[in-house]
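Encoded as structure tokens, the structure appears first; notes follow it.
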Amino acid sequence: MLKQFNIGMLCLFLRKTTHMRLLLSILFIASLFSCAPDKVTADLLIKNGAIYTVNSEFDMADAVVVKDGKILEIGRKPELELKYSFSEVYDAEGQTVLPGLIDGHAHLFNLGVTMQQVDLFGTESFEEVIDRVVAFQKEKNVSFIRGRGWDQNDWKVKEFPNNKILDSLFPDTPVALTRVDGHAMIANKMALKLAKITTKTKIKGGVVALDKTDKANPKLTGLLIDSPMDLVFATYPKESESYLRRVLQDAEKKCLSLGLTTINDAGLNKNVIDVIEKMHQEDSLKIRVYAMVSNSKENLDYYLKAGIIKTDRLHVRSVKVYADGALGSRGATLRSSYSDKENHFGAMITPQKELKAVAKRIAAAGYQMNTHAIGDSANVAVIRAYQEAIDDTKDMRWKIEHAQVVTMEDFDAFSKNIIPSIQPTHATSDMYWAEDRIGSERIKGAYAYKTLLDKAGMIVLGTDFPVERVNPMHTFYAAVARKDLKNYPEEGYRTEEALSREETLKGMTIWAAYSNFEENEKGSIEAGKFADFTILDRDIMKVHADSIPKAKVMATYINGERVYSGN
Ligand SMILES: [Zn+2]
């Protein structure tokens, strides 16, 4: 009765006051919204994704919530939408979301350096060379134009060029373009002038080419062969800070567009590391860098004393050492002679004794040692140096970079303290000639990624760009299919050493993070970790393997910020 009365009274009242009616409807609508008990504010929701969390269960999810650069919660879209309000929503619409990819071994800085030069590889005429130089300078406007990669044997007119066109196009800017093999250069007038090269310049071990059509008055053509090129190199501008910044930013842009969020740079000097740190602080460089310090006296004296340097985006706690050279140029050190060159064993860059000494010094400083070892002799030398320096009761996580040719009995040395860090595209780049170098027996222990994984319990994957191309999907494809970009060989190259897709993804995320002592902050999509994501247009865990290299990055996130958009 009372209730009816009250409603009746209210209705009567409402009929009288339209203003009050308006007020009540506003209150009613507002109450609908607040029905959802106070929502927690968050920054970003990624929803409708095929999210590979890469947690210990390798669980899938379809939505992830981010706040303050970190992952707040993972789960299903409806419950997360009820619980949180967001300032940004990324609807993945079925795209594949991976933990931000880590390149376990690459050269970020060197990539940027090559991007400051005109790429002349594959030019089909000198006119094309000129076109590329003009386009490059229009974009970059550098003070000294450098280029690399032309080969007159690829041109219709198979003759060395002269500098006439370059002089007319760039009268005030020096231009120096080196040949594909690095043994010849075409330099314009300005570059020759800076290098003080005249028609009278004569240097042992090289040629300054002259045009002698007018015998009484010979002219420089701009072509230099071998040693006179050094005079030009000596005039290249010094690495100013603004140059280093441009180098790093260009390299970063390329990496972000391919979904990379952390780069292990295998060998940096202090001046570059300092600029990286500065740019991180200013937020002008977003990509995270695991900087391996180059093994030089100055670097070691500084860093081993300074100790571990760690910010959210920069981590310095390791030294990169070279044990030997490369297999292609027969610089890798082998236990017995090269199969295609008698009595040739390669040469150690850092001999065994020095390896042992530097290993002890690095261990004493609490740093990690990461050593380039290609040949079987170099690998065992590194293993012995590590075994002497490593205290196995400690968590040291030292790495062997490449671990390319390993003698069968040496595989047992790999462990969580001697971790293999490998580059799957090296197998598919080298497969055409590797067996010529080492023969059919030793090849069984070469590019043996699955064996290394089984022994160590984990494996770190990288590309080694700019030696190889930057795209991590090429790495993924080479690891699982053991084929190159021509999908060759059809059945894959020694597929008994292929990795599964799950192992490959772990090698590019959680295991790489572990090897950097960063497994608690990155490498998987779990609450509390950095909100770094790589979002792809296809599910590389499921699609036909030959479609993996074509995967496109739709978005790259670092610290919850979208740092690249694919469309
Ligand atoms: Zn490298």
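The values are calculated or read from the model by the stated rules, or taken from the named source; none is laboratory data. All figures in this text were calculated on a predicted structure; none of them were measured in a lab. Neighbour counts are summed over all protein chains in view; Cβ atoms, including those assigned to glycine, are modelled from backbone coordinates with ideal geometry. For the accessible areas, the whole protein counts, side chains as well, though only heavy atoms, and no ligand, DNA or RNA atoms are used. Shrake-Rupley method; radii C 1.70, N 1.55, O 1.52, S 1.80 Å.
In this structure residue 464 has an accessible area near 10 Å², from a 1.4 Å probe over the protein heavy atoms.
Rounded to the nearest 10 degrees, the inclination of helix 352-364 to the longest alpha-carbon principal axis of the chain is 30 degrees. Would you please give the FRET efficiency between residue 361 and residue 214, computed as 1/(1 + (r/R0)^6) with r the Cβ-Cβ distance and R0 = 51 Å, to the nearest 0.05? For R0 = 51 Å, the calculated efficiency reads 0.20. Does segment 98-169 classify as rounded, prolate or oblate by the C-alpha gyration tensor (a ≥ b ≥ c root eigenvalues; a/c under 1.5 gives rounded; else a/b over b/c gives prolate, otherwise oblate)? Judged from the Cα gyration tensor, segment 98-169 comes out prolate (a/c at least 1.5, a/b above b/c). The gain in end-to-end length when the residue 444 to residue 165 segment is fully stretched comes to 95.1 nm, 0.36 nm per residue minus the alpha carbon separation. Helix 241-257 and the longest principal axis of the Cα set of the chain meet at an angle near 60°. Couplings for segment 227-232, taken from phi via the Karplus curve 6.51 cos²θ - 1.76 cosθ + 1.60 with θ = phi - 60°, read 3, x, 4, 4, 5, 6 Hz in order; Gly and Pro are left as x.
Using a 1.4 angstrom probe on heavy atoms only, work out the carbon and sulfur share of the accessible area of the chain in %. Display every interim value, and only then the final one.
On the way: 14030 of 26170 Å².
Heavy-atom surface of the chain belonging to carbon and sulfur, 1.4 Å probe: 54 percent.
Approximating the spin labels as points 7 Å out from Cα along Cα→Cβ, the residue 284-to-residue 387 distance works out to 5.0 nm. Whole-Hz Karplus values for segment 63-72 come out as 8, 9, 10, 10, 9, 6, x, 10, 6, 9 Hz, taken residue by residue from phi with 6.51 cos²θ - 1.76 cosθ + 1.60 and θ = phi - 60°; glycine and proline positions read x.
Backbone N atoms of segment 76-119 closer than 11 Å to the 7 Å Cα→Cβ label point of residue 70 are not found in any residue.
Computed about the Cα centre, the dipole magnitude for segment 108-151 is approximately 300 debye when only Lys and Arg (+1) and Asp and Glu (-1) carry charge, each at its Cβ.
The angle between the Cα long axis of helix 270-282 and the longest principal axis of the Cα atoms of the chain comes to about 20 degrees, rounded to the nearest 10.
Averaging 1/r over each pair of different alpha-carbon atoms in segment 228-328 and inverting the result gives 15.1 Å, the Kirkwood hydrodynamic radius.
Evaluated over the Cα positions of segment 448-567, the convex hull gives a direction-averaged projected area, one quarter of its surface, of 8.2 nm². Ranked by the mean number of other Cβ atoms within 10 Å per residue, highest first, peptides 476-484, 168-176 order as 476-484, 168-176.
Can you tell me the length gained on complete extension of the stretch residue 83 to residue 41, counting 0.36 nm per residue apart and subtracting the Cα distance?
14.2 nm
With both labels modelled 7 Å from their Cα along Cα-to-Cβ, the residue 134 to residue 198 distance reads 3.4 nm.
For the pair residue 172 and residue 467, a Förster radius of 45 Å applied to the C-beta separation gives a FRET efficiency near 0.80, rounded to the nearest 0.05. Take the Kirkwood radius over Cα pairs of segment 202-250, plug it into Stokes-Einstein at 10 °C and 1.306 mPa s, and you get 118 µm²/s for translational diffusion.
With a/c under 1.5 counting as rounded, go ahead and sort segment 273-412 into rounded, prolate or oblate using the C-alpha gyration tensor (a ≥ b ≥ c being the square roots of the eigenvalues; past the cut-off, prolate if a/b is larger than b/c, else oblate).
The shape class here is prolate.
Projecting the Cα atoms of 445, 137, 120 onto the dipole axis of the chain, where Lys and Arg carry +1 and Asp and Glu carry -1 at the beta carbon, places 137 farthest toward the positive end. Remark on residue 211: its backbone amide H falls under 5 Å from those of 219, 220, 221, a criterion applied only to residues 5 or more positions apart or on other chains, H modelled at 1.01 Å from N. Solvent exposure of segment 412-543 amounts to 33 Å² per residue of accessible area, where only protein heavy atoms count and the probe is 1.4 Å.
In this simple spin-label approximation, residue 409 and residue 495 carry label points 7 Å from Cα along the Cα→Cβ vector, and these lie 3.4 nm apart. When both bridge partners sit in the chain, DSSP labels roughly 45% of those beta bridges antiparallel.
Enclosing the Cα atoms of the chain in their convex hull gives a volume equal to 226 cubic angstrom per residue. Ordered by solvent-accessible area of protein heavy atoms (1.4 Å probe), largest first, the residues 408, 60 come out as 408, 60. Secondary structure note: in segment 106-230, about 60% of the DSSP beta bridges are antiparallel.
Considering helices alone, the calculated mean residue ellipticity of the chain at 222 nm is -10000 deg cm²/dmol, with DSSP H runs of length four and up weighted by -39500 (n - 2.57) and normalised per residue. Debye calculation, C-alpha points only, no solvent: report log10 I(q)/I(0) for segment 56-178 at q = 0.09, 0.15, 0.20 Å⁻¹, in the same order as the q values. For the requested q values the scattering log ratios are -0.55, -0.76, -1.12.
Take the chain, mark every one of the GluC sites (Glu not before Pro) that falls in a DSSP loop and has at most 12 other Cβ within 10 Å, then report the longest stretch left between them, sites excluded. No qualifying site falls inside 160-341, the longest such stretch.
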